[in-house]
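The structure under discussion appears below in the form of structure tokens.
The values are calculated or read from the model by the stated rules, or taken from the named source; none is laboratory data. Not measured: the values here are computed from a predicted model. Here the Cβ positions follow ideal geometry from the backbone for every residue, glycine too, while neighbour counts run over all protein chains shown.
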Amino acid sequence: MRSILWLGPVAVALAAASCAPATRGTPAPAPRAGAPGAAQAGAPAAGGAASAAGGPGGGAGASTPRAPRPYAQVITSRAKSDTGGITVHRVDERWFMELPDSLMGRDFLLVGRVAATPEDFGAYIPAGATVQERMVKWERQGDRAILRAVPTAAFADDSLPIARSIASNYLGAILAAFPVAAYGSDSSAVIDVTEFFGGDTPALSGLSQQQRDQYKVRRLDPSRSFINTMRSYPLNVEVRHTQTFEATAPPSDRTGGTVTLEMRESLVLLPRTPMRPRFADPRAGFFGVERINYGLDEQKAATENFISRWRLEPSDPAAYARGELVEPVKPIVYYIDPATPMQWRRYVREGVEQWNSAFEKAGFKNAVRAMDPPTAAEDPDWDPEDIRYSVVRWAASTTRNAQGPSTVDPRSGEIIESDIVWYHNHMRSYRNRLMIETGAANPDARSLNIPESLMGTTMREVITHEVGHALGLPHNMIASASFPVDSLRSVNFTRKYGVSATIMDYARQNYVAQPGDGLQPTDFIRRLGPFDDFIIEWGYRVFPQAATPEAERPILDRMLSTQSGPMAYRYLPQYLSGIDPRAQTEDLGDDPVGATTYAVANLRRVVPNLPAWTARAGEDDSDLTELYGETVGIWTLYMRHVTSVIGGMTVEPRTAVQPGAVYSPVARARQQRALAFLAENVVRTPEWLEPSAITQRTGTSPLANAQSAIVRDLLDARRLDRLSMSTEMSASAYSPAEYMADLHRAVWSSRAPDANLRGMQRTYVDRLGVLVNPPAPAPAMFGGEGGGAIPPLLAPVNVMRSDLPALARMELRNIRAEADRNAAATSGMQRAHWMDVSARVDEILDPTTRTAAR
């Protein structure tokens, strides 16, 4: 989750020549006599420049724009002005921007963020969330100022002839066109932006088209939409505005027929010279930006990928080159939201600053800092919405999550700003997970009121994880596979390494450790690991010996290629989670079956205690219902870790000159072991997970649905297709026919299945029906963390052109024959079930059977 902006000394220097010193609340100077564009005396007074052009920015159908007028007639003595890179003025109810001629053609970022939301607006759109972001530039066309989007998909140096073709084939959209209301003394263009920010401008809308459809929005009401504030700074303009939409199905207050939200638009001047980029490598986990560089000497349209990172430069280059730790010229600073409850501020601060140990590996000390915001007396202009400041926000929301978005310069990958979001209700997630996953061996987790020290430690690590995203790091789910499962039961090991080799893994707490292993409460929690040290050094170390980004590439390649040992850094993008069984969400250790065996042993201890651990005097059983439901969900997750072994492929990203296979099927014996585990723990109903002491109080159990969902996964077309692919890679691979025979024995061996198994068998038949009569193949997918096309391994399966329908038909015939035999030998519910199975098969193999029955 990400987005950003840099306001370092180089950018300030670039802007200094064209930006006046910032002052507040003073009238702007009148233009000198004879200023370009000055109109005749007697022109109308200020106001209405945009509306005279026919609406926001002078859109289609606009009347002839009014000619520019004298500056003093537009920016009158009533103006309240705020000077900066782009000076802004308020004259009565009109708002103006004054665009210096020196900024025409410069690259800006236009970032739209939600500043305040209505209730139930969306689980992942809190105040501060970015909803639109694009690079733009100002252009002058006669007496009009044009705001144009700048495409970032293609690039060539301006000195090359092909740059002309890029300009013709990658034309940016005109977002708005403004009549120049007046000219300032330095040829600056004064434009009226009242309707642009106050109206329903698509480039600034806080509602997506999906939300407009969802809330049944009719229109934006201009009488209830307006600009709240507009502030100017040396490198950015900050506009806060209110948007009110008429809607028949608003997210809250349904009878009000209204959606109102406040937006924050940041118009940010980018450095004239972009930060020196660092080339990405698919073996290294970084978010990035991508562009086609038509100027490269290659016989194709070649793509460049740069990692996203903050601009960190050593304050003492000579000492840095000698290997000494030095502070950066401009550290990465996060302010702690004043809304953060006092008891948790310490942990938020620690969560941010924990990254300093990793940055020391890259040669920087005190690279990351957490600060309290200044008081009004210290800085009356400080505003958490100002894009110059990165903030760890505390969101009053029932959402159970946290986010680490950032804003990035698309030309170089430079991270400019980020806002970490901690949702208040996320503590509920960790309270529940700690109880379910660690309560067997962790006494501090056996209550709905987790001790502050344990909850604070957990929160700290979540903040560190989210800051990792804001430093440019995506999830890295393969990291936990670096740890042997049994090492997670060792006090010395877990106290040093936690549960995974990186904080960027989705490995939250230790569900492997058993009672008696001796772990203390905080030993169960994840923490920074050796992968974090490596990747921060790879992405942020300055290489004085490399004069260009190209010269860095051999150094970076050696860092990745010369690693060895069990803790060698590895990365896989998240979209491969579940394909490579080493890279899975929420898993631990190097053996899914071994880890899940320990997890089940712990759950068997936890489940009987849930009524006592969740009981509170005077309260009903809603907490028990919630915790029990989540327990079954976590059990399902563990079983899916094992499921991923079947049809699994190990993926080892390599450069073209590195030997070895990229894709390799998981060994047959491991897949058969996984299936045997599932037969014992899923197909055979785990009655311990449905105790009457709980179901009599909750009134329901989600277990049967969970079991059926796992059977559905076992017959997923993509899994079967990977098994087919594996037979082409290896003669000893687990073939689809062999797997289906093993799965059949696991699911259909009982002549008298219990109710849960009967549901699984019906799901089994239904899934075979989907293979026989598949839907049309989905379109190919593209993209993922780091960009680029998704590999063929993840392409949608064209089932009709595969062997899967034939395999499914054969299996259905076998099931029908078996069902007919069982129906003849049983009675009551069992006989009804077998007759139903046979009829379902008939309907799949011969659809006319269904028509005739009707």
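Quick look at the numbers
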{"item": "Count - residues of segment 440-465 that are part of a helix (DSSP H, G or I) and either touching a helix residue (DSSP H, G or I) at 6+ places or on another chain (Cβ under 8 Å) or without any contact (Cβ under 8 Å) to a residue 12 or more places away in the chain (or both)", "result": "16"}
{"item": "Cβ pairs under 8 Å, 6+ apart, first in segment 352-366 and over 16 Å from R311 (Cα atoms), second modelled with pLDDT of 95 or more and surrounded by fewer than 16 Cβ atoms within 10 Å (Cβ to Cβ)", "result": "V352/R369; E353/R369"}
{"item": "Considering residues of segment 227-253 that are in a loop (DSSP other than H, G, I, E, B) and out of contact with any Phe, Trp or Tyr (no Cβ under 6 Å at 6 or more places or on another chain) only, the residue nearest to G199 (Cα to Cα)", "result": "T248"}
{"item": "Filtered residues of segment 700-733 (kept if surrounded by 17 or more Cβ atoms within 10 Å (Cβ to Cβ), among the hydroxyl-bearing types (S, T, Y) and closer than 23 Å to Q761 by Cβ)", "result": "S701, S708"}
{"item": "Only one of E437, E417 that is touching a residue at least 12 places away in the same chain (Cβ under 8 Å), crowded, with 24+ Cβ neighbours inside 10 Å, within 23 Å of N602 (Cβ to Cβ) and not assigned by TED's automatic domain parsing to the domain that holds P653", "result": "E437"}
{"item": "Count of residues meeting criterion [within 17 Å of A817 (Cβ to Cβ) and without any contact (Cβ under 8 Å) to a residue 60 or more places away in the chain] in segment 749-767", "result": "3"}
{"item": "Residue list for segment 517-539, filter: in a helix (DSSP H, G or I) and among the aliphatic types (A, V, I, L, M)", "result": "I535, I536"}
{"item": "Residue within segment 647-668 that is of a type in the set (D, E, K, R), under 26 Å from H744 (Cβ atoms) and over 28 Å from the mean Cα position of the chain (by Cα) present", "result": "yes"}
{"item": "Residue under evaluation G105, criteria (1) in contact (Cβ under 8 Å) with a residue 40 or more places away in the chain; (2) surrounded by fewer than 20 Cβ atoms within 10 Å (Cβ to Cβ), criterion not met", "result": "(1)"}
{"item": "Residues that are in a loop (DSSP other than H, G, I, E, B) and touching a helix residue (DSSP H, G or I) at 6+ places or on another chain (Cβ under 7 Å), drawn from segment 159-192", "result": "G184, D186, S187, S188"}
{"item": "Flag for T596 being crowded, with 20+ Cβ neighbours inside 10 Å and closer than 28 Å to G529 by Cβ", "result": "yes"}
{"item": "Members of segment 733-764 found to be within 39 Å of the chain's Cα centre (by Cα) and of a type in the set (S, T, Y), listed by number", "result": "Y734, S735, Y739, T763, Y764"}
{"item": "Positions within segment 266-316 being within 11 Å of G472 (Cβ to Cβ) and in a loop (DSSP other than H, G, I, E, B), in sequence order", "result": "R278, A280, A284, G285, F286, F287, S308"}
{"item": "Residue satisfying all of: in segment 100-140; touching a Ser or Thr at 6+ places or on another chain (Cβ under 6 Å) and of a type in the set (S, T, Y); nearest to L175 (Cα to Cα) among these", "result": "T130"}
{"item": "Every residue from segment 139-161 that is hydrophobic (A, V, I, L, M, F, W, C) and surrounded by 15 or more Cβ atoms within 10 Å (Cβ to Cβ)", "result": "A145, I146, L147, A149, V150, A154, F155, A156"}
{"item": "Tally, over segment 81-98, of residues that are buried (at least 22 other Cβ atoms within 10 Å of the Cβ), assigned to a strand (DSSP E or B) and aliphatic (A, V, I, L, M)", "result": "2"}
{"item": "Flag for A203 being at pLDDT 90 or above, assigned to a strand (DSSP E or B) and touching a strand residue (DSSP E or B) at 6+ places or on another chain (Cβ under 9 Å)", "result": "no"}
{"item": "Any hit, segment 658-670, residues being surrounded by 15 or more Cβ atoms within 10 Å (Cβ to Cβ) and over 21 Å from D590 (Cβ atoms)", "result": "no"}
{"item": "Some residue of segment 114-132 being in the same structural domain as L235 (by TED's automatic domain parsing), among the hydrophobic types (A, V, I, L, M, F, W, C), part of a loop (DSSP other than H, G, I, E, B) and under 18 Å from L270 (Cα atoms)", "result": "no"}
{"item": "Residue in segment 123-138 that is surrounded by 19 or more Cβ atoms within 10 Å (Cβ to Cβ), modelled with pLDDT of 95 or more, β-branched (V, I, T) and more than 30 Å from V421 (Cβ to Cβ) present", "result": "no"}
{"item": "Qualifying positions in segment 797-837 - without any contact (Cβ under 8 Å) to a residue 24 or more places away in the chain and not in a helix (DSSP H, G or I)", "result": "N798, S827"}
{"item": "Test: F178 is over 27 Å from P277 (Cα atoms) and in the same structural domain as V111 (by TED's automatic domain parsing)", "result": "yes"}
{"item": "Residue in segment 313-322 that is within 24 Å of the chain's Cα centre (by Cα) and touching a residue at least 60 places away in the same chain (Cβ under 8 Å) present", "result": "no"}
{"item": "Residue in segment 372-387 that is surrounded by 24 or more Cβ atoms within 10 Å (Cβ to Cβ) and not aromatic (F, W, Y) present", "result": "yes"}
{"item": "Residue match in segment 609-632 (condition: of a type in the set (S, T, N, Q), buried (at least 18 other Cβ atoms within 10 Å of the Cβ), touching a residue at least 12 places away in the same chain (Cβ under 8 Å) and under 28 Å from A733 (Cα atoms))", "result": "no"}
